[in-house]
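A.B. asks: Dropping the structure in here first, questions after.
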Amino acid sequence: MKKWISMLLTLGMIVGLTSCGRTGSSKDGDPNTVEVGVAIYKFDDNFMTLYREELQRYFEEDLSQDGVRYHVTLVDGKGDQAEQTNQIDNFIANQVDVLICNLVQASSASTVVEKCRAANIPVVFINREPAQEDLELWPGRTAYVGADARQSGTFQGEIIADTPNQGDWNGNGTVDYVMIMGDPENVDAQYRTEYSVKALEDAGLTPRKLFEQRGDWDQAKGQELAQNALTQFGDQVDVIFCNNDAMALGAAQAISAADRTVGRDIYLVGVDALEECQKMVQAGTMTGTVLNDHVSQAHTAAEVAIRAVNGEDLEPYYWVDYVKVVQP
Ligand code: GAL
C-alpha cells in the first residue's frame with residue numbers, strides 16, 4: 001500500500017512538474033490560452049528592451065480578452081546563436097502556438113524556418129531582417145515585421161544636409177565624418193551606414209570618411225570609439241554618425257570629454273529616438289535622431305502572429321515607418 005502511495009505521489013509530481021515546466025499550449029492544454037514564444041537576440045540592448053516590454057504588455061494586457069488569453073514567454077539569446085537555437089528548440093518541443101524571433105544572426109533564419117515548418121509552428125521575424133529567400137521557404141506561414149533601415153540612414157544624412165553649414169564646420173568643402181556602426185552582420189547597420197552617406201551625396205555634398213568601426217549597438221563601445229576618433233582626427237571631425245542612439249549616448253560623453261560642443265563645432269546623429277536622446281535633441285546636445293517605432297513594430301508583430309495562429313495567410317513583409325526627430 002505504502003509503495004502504491006509513493007508511486008502515486010511520484011506520478012503526481014511528474015505530472016505537476018511537466019505542466020509547470022512546459023510552456024503550455026492551446027493544442028493540448030487550456031483551449032483559451034495561446035502560447036507565444038519570443039526569442040530576443042539579447043536582453044541587454046536598450047532598444048530591444050523597450051520593444052520586448054511593449055510586445056508582452058500588448059499581448060497580455062491589450063489583446064487578451066475573456067474568450068482568449070495570450071501568454072508570452074520571452075527568452076534571452078545573450079547574443080549567442082547556439083544558445084538561441086536551443087531556446088527555439090525548446091519552444092518547438094513545448095509546442096508553442098507561434099514563434100516571434102529576433103535572430104542573433106540573420107543568416108540563421110533558414111534553419112529556424114525549416115524547424116518551425118517541420119513542427120507546423122508559424123514564425124514572425126522581428127528587428128533583424130532575414131534574406132527574402134529564407135522567408136520564401138514557408139510562404140504564408142513566415143513573415144518579417146520591421147522598419148526599412150535604408151529610410152533611417154537617409155533621414156540621418158538629410159538631418160546633417162539640412163544644418164546651416166551643411167555638415168561642414170571647418171569650411172574645407174567636405175563633410176568629414178566618423179561612422180560608429182552596429183553589428184555589421186545586421187542590415188540595419190549596413191544600410192544606415194550606406195544610406196546616411198548617400199543622402200549627403202544626393203544633397204550635392206562631398207562626404208569624407210575619417211573613421212568607421214563597429215560598436216555593436218553598445219553605449220560603452222560607442223564612447224570608446226568616438227574618443228579614439230576624436231583623439232586621432234581632432235578638429236577635422238565635422239559629424240559623428242552612430243547607427244543607433246545607445247552608441248550616440250556614448251559618443252556624446254566622448255564629445256564633451258574632448259571639449260567639443262554639439263551644434264557649435266560638431267554634429268551628432270543617432271537612430272531609435274530613445275527618450276533620453278529625444279530630450280538631448282530638444283536641448284540641442286544632439287543634432288537629431290530617427291524614431292525607430294518600437295510601439296508600432298511590437299503591435300504589428302503581435303497582430304501578425306495572431307493572424308498566423310488563426311490560420312490566415314501571411315504576407316512576407318510588414319513595414320513600419322521611421323520618423324525624423326529634430327529640433328522644431
Ligand atoms: C536596431 C536598433 C538598435 C539595436 C538593433 C538590434 O534596429 O536601432 O538600437 O536594438 O536593432 O538588432
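A.B. asks: Would you point out the residue of the stretch 207-235, among those that are under 24 Å from Thr261 (Cβ atoms), open to solvent by 50 Å² or more (accessible area, probe 1.4 Å) and in contact with a Leu (Cβ under 9 Å, 6 or more places away or on another chain), that is nearest to the ligand (Cβ to nearest atom)?
C.D. replies: Gln219
A.B. asks: Filter the stretch 269-288 for residues that are within 20 Å of Trp169 (Cβ to Cβ) and within 21 Å of the chain's Cα centre (by Cα) and give the result.
C.D. replies: Listed by number, the residues that qualify are Val269, Gly270, Gly288.
A.B. asks: Taking Ile160 and the conditions (1) among the β-branched types (Val, Ile, Thr); (2) surrounded by fewer than 23 Cβ atoms within 10 Å (Cβ to Cβ); (3) over 22 Å from Asn127 (Cβ atoms), which numbered condition does it fall short on, given that it satisfies the others?
C.D. replies: (2)
A.B. asks: Answer with yes or no whether Thr23 is at pLDDT below 90, more than 16 Å from the ligand (Cβ to nearest atom) and within 32 Å of the chain's Cα centre (by Cα).
C.D. replies: Taking the combined requirement at face value, the residue satisfies it.
A.B. asks: Tell me which of these Val290 doesn't satisfy, since it passes every other one: (1) closer than 26 Å to Cys242 by Cβ; (2) out of contact with any Phe, Trp or Tyr (no Cβ under 8 Å at 6 or more places or on another chain).
C.D. replies: (2)
A.B. asks: Can you find a residue that is touching a Phe, Trp or Tyr at 6+ places or on another chain (Cβ under 9 Å), away from the ligand (no atom under 13 Å from the Cβ), part of a helix (DSSP H, G or I) and closer than 17 Å to Val295 by Cα anywhere in the stretch 69-77?
C.D. replies: no
A.B. asks: Mind checking which residues of the stretch 31-47 are part of a loop (DSSP other than H, G, I, E, B), closer than 23 Å to Ile121 by Cα and either open to solvent by less than 20 Å² (accessible area, probe 1.4 Å) or hydrophobic (A, V, I, L, M, F, W, C) (or both)?
C.D. replies: Across the stretch 31-47, the qualifying residue is only Tyr41.
A.B. asks: Would you call Arg57 modelled with pLDDT of 95 or more and basic (Lys, Arg)?
C.D. replies: Yes: the conditions hold for Arg57.
A.B. asks: Suppose we keep only residues that are more than 18 Å from the chain's Cα centre (by Cα) and of a type in the set (A, V, I, L, M) within the stretch 241-259. Which one would you say is surrounded by the fewest Cβ atoms within 10 Å (Cβ to Cβ)?
C.D. replies: Ala257
A.B. asks: I'm checking my understanding of the structure. Among residues of the stretch 46-75 that are over 22 Å from Asn243 (Cα atoms) and basic (Lys, Arg), which one is nearest to the chain's Cα centre (by Cα)?
C.D. replies: Arg57
A.B. asks: Need pairs with beta-carbon distance below 8 Å; first residue more than 22 Å from Gly222 (Cα to Cα) and within the stretch 186-202, second within 12 Å of the ligand (Cβ to nearest atom); sequence gap 6+ or separate chains.
C.D. replies: Correct list of pairs: Lys198/Gly153; Ala199/Gly153; Ala199/Gln156.
A.B. asks: Could you list, in sequence order, the residues of the stretch 48-89 that are closer than 15 Å to Val123 by Cβ and surrounded by fewer than 16 Cβ atoms within 10 Å (Cβ to Cβ)?
C.D. replies: Passing the criteria: only Asp89.
The values are calculated or read from the model by the stated rules, or taken from the named source; none is laboratory data. Because the structure is predicted, anything quoted here is derived from the model rather than measured. Note that each Cβ is placed from the backbone with ideal geometry, even for glycine, and that neighbours are counted across all protein chains shown. In case anyone asks, the SASA skips ligands and DNA or RNA and just uses the protein heavy atoms, side chains included. Shrake-Rupley method; radii C 1.70, N 1.55, O 1.52, S 1.80 Å.
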